[in-house]
Amino acid sequence: MRAMVLARPGTPLELRELPVPEPGPGEVLVKVRACAICRTDLHVVDGELPDPRLPLIPGHEIVGVVEARGSEAADGPGVRLEVDRRVGIPWLGWSCGECAMCRRGQENLCPRAAFTGYTRDGGYAEYALADARYAFPLPDRYDDVEAAPLLCAGLIGYRSYRMAGEADRLGLYGFGAAAHLLAQVAVHQGREVFAFTRPGDEAGQAFARSLGAVWAGGSDESPPEPLDAAIIFAPVGELVPAALEVVRPGGTVVCAGIHMSDIPSFPYRILWEERTLRSVANLTRRDATEFLEVAPQVPVTARTRTLPLAEANRGLELLRSGEVEGALVLVP
Ligand SMILES: [Zn+2]
Ligand SMILES: [Zn+2]
């Protein structure tokens, strides 16, 4: 199979010809039809996350079709993953099921967890393996390319959204793949969305308004009224004090990314009055099942741009430059 491989962090991915992997016990072999590019892939490739598997096939927003089952393949969440079944493979690839975090329902924080496209091979390839218990049947209303960004931008975005609480006025910093999906859920649920983009990004602000944002502006601007909560998707530490400044007393700021530049020091008064600052890490299988149920009801639609698998490096560059509206999806 063809695969885009990271040999060493900080170097471009290499197009390689590799043997199709064999599914082990409990695994399924999936023929990849689409794999979205996530900002986390950029952090992995740039070496900003510790200890990736090397060499590594990145990619954790995989849509594909089960081609073979390993011995004793366990059932997926409620559904048996038969051959020919279309499934999505997200970032959480495995968790131990035994530790205190797993038993508490926080498998996203399992210290032994394995992550697709980071500590396990991912979907920048023609085939991928998944533990059958961590792969999800996908709603029929989405085609393969549309479904791919739901698997991380959607799922982890949705977890961040839940952590923001019952916010009537919700700020989204960084209006990319995740925010453009979440804005649709928030508007559908009757909330007011305030979108913050890079200063001067008028196209991004117009895009946000077209999805129902009541206000869109630069991240250096203040919204017309204080927000109940804000989610920061951009990996920029300066946005943390900026968001705290515009959230009301008792409000919440959620950092949704896996990596962020250092947060500058800020006066205690912007955290005081019971504002909460928290992060979100990874996802649980429950987040996945919930979001995949909610998405078609809205219905959430992903703005996508496709690229051939061999152009993964160009896709990563486009994401880095911030020139992407919606989500980039690789097609083998
Ligand atoms: Zn565990
Ligand atoms: Zn991701």
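Any read-out appearing in this document is the output of simple, stated calculations on the displayed coordinates, not a laboratory observation. Everything quoted here is computed from the prediction, not taken from an experiment. Note that each Cβ is placed from the backbone with ideal geometry, even for glycine, and that neighbours are counted across all protein chains shown.
Over segment 101-193, what is the relative contact order in percent, taking alpha-carbon pairs closer than 8 angstrom and at least six residues apart? Show your work: numbers first, answer last.
Numbers: 49 pairs, mean separation 16.8, N = 93.
Over segment 101-193, the number comes to 18 percent.
According to the Cα gyration tensor, what semi-axes, each the square root of 5 times an eigenvalue, does the equivalent ellipsoid of segment 82-187 have, listed from largest to smallest in whole Å?
Details: eigenvalues 123, 84, 30 Å².
Value: 25, 21, 12 Å, ordered largest first.
At a Förster distance of 41 Å, what's the computed FRET efficiency of residue 162 paired with residue 17, Cβ-Cβ distance as r, to 0.05? Kindly include the intermediate steps, with their values, before the conclusion.
Numbers: r = 42 Å, r/R0 = 1.03.
With a Förster radius of 41 Å, E is 0.45.
Within the set of other residues whose C-beta is less than 10 Å from the C-beta of residue 90, count the net charge using Lys and Arg as +1 and Asp and Glu as -1. The partial results should precede the final answer.
Numbers: positive: 285; negative: 61, 287.
Net of charged neighbours comes to -1.
For a quick protection proxy, order the peptides 181-194, 163-176, 20-33 by their average other-Cβ count within 10 Å, most packed first.
On the way: 181-194: 20.6, 163-176: 22.2, 20-33: 18.9.
Averaged packing, sorted descending, gives the order 163-176, 181-194, 20-33.
I want the local charge near residue 223. Using Cβ-Cβ distances under 10 Å, sum +1 for each Lys or Arg and -1 for each Asp or Glu among the other residues. List each step's numbers first, then the result.
Values: positive: 169; negative: 192, 221, 225.
Residues close to residue 223 contribute a combined charge of -2.
What's the Cα-based Rg to Rh of segment 1-143, Rh via Kirkwood? Let's see the in-between values first.
Numbers: Rg = 14.8 Å, Rh = 15.4 Å.
Radius of gyration over Kirkwood radius for segment 1-143 works out to 0.96.
Tell me, 159, 86, 112 in order of fewest to most beta-carbon neighbours within 10 Å?
Working: 159 22, 86 19, 112 12.
In increasing order of surrounding Cβ atoms, one gets 112, 86, 159.
Of all the C-alpha pairs in the chain, what % are more than 30 Å from each other? Each step should come with its number before you reach the end.
Numbers: 17531 of 54946 pairs.
Pairs farther apart than 30 Å: 32 percent.
Around residue 118, what is the net charge, scoring Lys/Arg as +1 and Asp/Glu as -1 over all other residues with Cβ under 12 Å from its Cβ?
Numbers: positive: 53, 120; negative: 41, 48, 51, 121.
Taking every other residue near residue 118 into account, the sum is -2.
Quick one: compute a quarter of the convex hull surface over the Cα atoms of segment 155-279 and quote it in nm². Spell out each step's value before the answer.
Values: hull surface 26.9 nm².
Dividing the Cα hull surface by four gives the mean projection, 6.7 nm².
Taking the Cα centroid of segment 294-332 and of segment 85-108, what is the distance between the two, rounded to the nearest whole Å?
Cα centroid of segment 294-332 versus Cα centroid of segment 85-108: 25 Å apart.
Over segment 155-279, calculate the relative contact order: mean separation of alpha carbon pairs under 8 Å at least 6 apart, over the residue count, as a percent. Could you put the intermediate results ahead of the total?
Details: 254 pairs, mean separation 30.2, N = 125.
Contact order relative to length: 24 percent.
Can you put 263, 89 in order, fewest other beta carbons within 10 Å first?
Working: 263 14, 89 29.
Ranked by crowding around the Cβ, least crowded first: 263, 89.
How many percent of DSSP beta bridges within the chain run antiparallel, rounded to 5?
Working: 29 of 57 bridges.
About 50 percent, rounded to the nearest 5.
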